[in-house]
1. Just need a number here: residues in the stretch 64-100 that are farther than 14 Å from ALA8 by Cα and free of Cβ contacts under 8 Å to residues at least 24 places away in the same chain.
2. Any idea which of (1) on the phi > 0 side of the Ramachandran plot; (2) under 15 Å from the mean Cα position of the chain (by Cα) is the one VAL54 doesn't satisfy?
3. Would you check which residues across the stretch 36-51 are surrounded by 23 or more Cβ atoms within 10 Å (Cβ to Cβ) and in contact with a helix residue (DSSP H, G or I) (Cβ under 6 Å, 6 or more places away or on another chain) and list them?
4. Only residues that are assigned to a loop (DSSP other than H, G, I, E, B), out of contact with any helix residue (DSSP H, G or I) (no Cβ under 8 Å at 6 or more places or on another chain) and over 17 Å from LEU71 (Cβ atoms): list them for the stretch 16-35, please.
5. Quick test for you: out of LEU84, LEU97, LEU105, pick the one residue that is assigned to a strand (DSSP E or B) and either crowded, with 16+ Cβ neighbours inside 10 Å or modelled with pLDDT under 90 (or both).
6. Quick one: in the stretch 108-128, which of the residues that are assigned to a loop (DSSP other than H, G, I, E, B) and in contact with a strand residue (DSSP E or B) (Cβ under 9 Å, 6 or more places away or on another chain) is least open to solvent (accessible area, probe 1.4 Å)?
7. Going through the stretch 77-100 one residue at a time, which ones are under 23 Å from ASP48 (Cβ atoms) and in contact with an Asp or Glu (Cβ under 8 Å, 6 or more places away or on another chain)?
8. Is it true that THR19 is at pLDDT below 90, open to solvent by less than 30 Å² (accessible area, probe 1.4 Å), more than 16 Å from the chain's Cα centre (by Cα) and of a type in the set (Ser, Thr, Tyr)?
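The values are calculated or read from the model by the stated rules, or taken from the named source; none is laboratory data. Since we're looking at a predicted model, the values are computed, not measured. Backbone-built Cβ (ideal geometry, glycine too); neighbour counts: all protein chains shown. Each accessible area value is taken on the protein alone, full model and side chains, heavy atoms only, with ligands, DNA and RNA left out. Shrake-Rupley method; radii C 1.70, N 1.55, O 1.52, S 1.80 Å.
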Amino acid sequence: MWSVAILAGGLATRLRPMTDRIPKSLLSIAGRPFIFHQLDLLRSQGVDRVVLCVGHLGDQIRAAVGDGRSLGLAIDYSFDGAELLGTGGALKQALPLLGDEFFVLNGDSYLPCSFAPIQSAYEAAQRPALMTVLRNDNRWDKSNVLIINGELIEYDKNLRDSVCRISTSVYTFFPVMSF
């Protein structure tokens with residue numbers, strides 16, 4: 001199974017004031033920090049290597065998670081630095097740690113899906129990237145992906161079409177993509 005980059009560096013402004021002093025991925029869900037639920041799920045799917053792309057309060061995440069050995073994982077960290085890099089910048093900076101092909105997950109998404117078929121679909125498609133989507137119809141959050149006849153027509157966080165899906169935050173990339 002490929003390695004996974006988890007984007008966990010944002011400011012989490014919608015969760016303030018809780019996230020003023022605690023990063024979103026360390027907020028407690030069902031009695032433990034969310035990041036541990038996510039890492040357990042990845043390990044159960046056969047993932048053994050994770051790169052945490054961190055920024056805001058990232059040292060707290062590293063202190064809590066460590067190198068991953070106690071979780072049955074190998075975990076590395078890619079820090080944004082003084083200025084947050086955003087999704088593209090964080091991934092570009094993490095590329096040396098990720099390997100040739102990798103999954104990307106948002107640090108606030110728990111997706112109990114099977115990663116092996118996603119990896120197989122990506123390999124079979126022979127495209128530079130693959131994005132998984134879920135039929136949403138604006139039920140859980142605003143839909144942001146328009147697909148017609150199996151083709152991605154538009155990805156826009158402000159999209160309001162009722163036949164849209166929502167990106168599920170499982171992405172696969174071949175690292176020669178330009179950011």
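1. 7
2. (1)
3. LEU39, VAL51
4. Of the residues in the stretch 16-35, the ones assigned to a loop (DSSP other than H, G, I, E, B) are 16-17, 21-23, 27, 30-31.
With out of contact with any helix residue (DSSP H, G or I) (no Cβ under 8 Å at 6 or more places or on another chain) added as a condition, the list becomes 16-17, 21, 31.
Within the stretch 16-35, ARG16, PRO17, ARG21 qualify.
5. It is LEU105.
6. Result: SER109.
7. Scanning the stretch 77-100 gives ALA90, GLN93, LEU97.
8. Yes: the conditions hold for THR19.
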